[in-house]
Amino acid sequence: MFADRARSLGVADEQLLIEPCAGNFAENIAYTRLLCPDIGCASFVNKPNSIRRVQLTLPVQWPELDAMVNAPNFVFPHGGSNQIGVLGLIDEMVGDVHRILRYPELGFQVPLTVSDEVLRPWHEQIRQGFDRHLRPSQPVLVDDTSTAN
């Protein structure tokens with residue numbers, strides 16, 4: 001979708017690099033690093049709710065890269081994807097927080113302190129059934145603390 005938008009704005013195909021094999025941000029960054037090992041700076045464009053995860057993944061997967069991470073400026077909830085809808089977006093955001101908490105221990109990203117102001121509503125969203133994007137191999141713990149480690 002982002003490539004189509006870039007093309008509609010005049011970006012030529014030869015100026016686009018699309019990595020088609022990754023299953024997550026860590027793989028996407030690692031595979032892209034293999035595709036262009038000599039670049040020193042790059043821009044990563046993705047969904048607004050995933051900016052932080054990409055920022056936390058880059059220091060692990062490509063530490064020497066001077067990277068900028070950005071996303072289209074959407075106004076919630078009306079700017080969200082028509083494909084997944086508002087409820088699907090909430091599921092994704094719940095999954096994003098889960099990954100921010102659990103991925104550092106797997107070596108995918110650097111740790112981030114997550115405030116209780118975020119964790120309390122996150123737990124409530126899970127209790128309300130927004131659990132479709134949680135990592136099944138990484139259970140949500142009742143004692144998830146404010147420090148991701």
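Only the coordinates and a few stated rules stand behind these numbers; no lab work does. A quick note: this is a predicted structure, and the numbers were derived from the prediction, not measured. We place every Cβ from the backbone using ideal geometry, glycine too, and count neighbours over all the protein chains shown.
So here's what we get for this one:
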read-out: Summed side-chain charge close to Gln55 - residues other than Gln55 whose Cβ falls under 15 Å, Lys, Arg +1, Asp, Glu -1; value: +2
read-out: Principal axis box of the chain, alpha-carbon based, largest edge first, Å; value: 48, 35, 24
read-out: Whole-Hz ³J(HN,Hα) from phi, Karplus 6.51 cos²θ - 1.76 cosθ + 1.60, for segment 116-122, glycine and proline x; value: 4, 4, 8, 5, 4, x, 4
read-out: C-alpha long axis of helix 51-61 to longest principal axis of the chain, angle in °; value: 70 degrees
read-out: Per-residue ³J(HN,Hα) for segment 38-48, Karplus 6.51 cos²θ - 1.76 cosθ + 1.60, θ = phi - 60°, Hz, x for Gly and Pro; value: 9, 7, x, 8, 7, 10, 10, 10, 8, 5, x
read-out: Amide H contacts of Phe44 (H built 1.01 Å from N, under 5 Å, at least 5 apart or other chain); value: Met68, Val69, Asn70
read-out: Built amide H within the under 5 Å cut-off of Leu112, gap 5+; value: Ala148
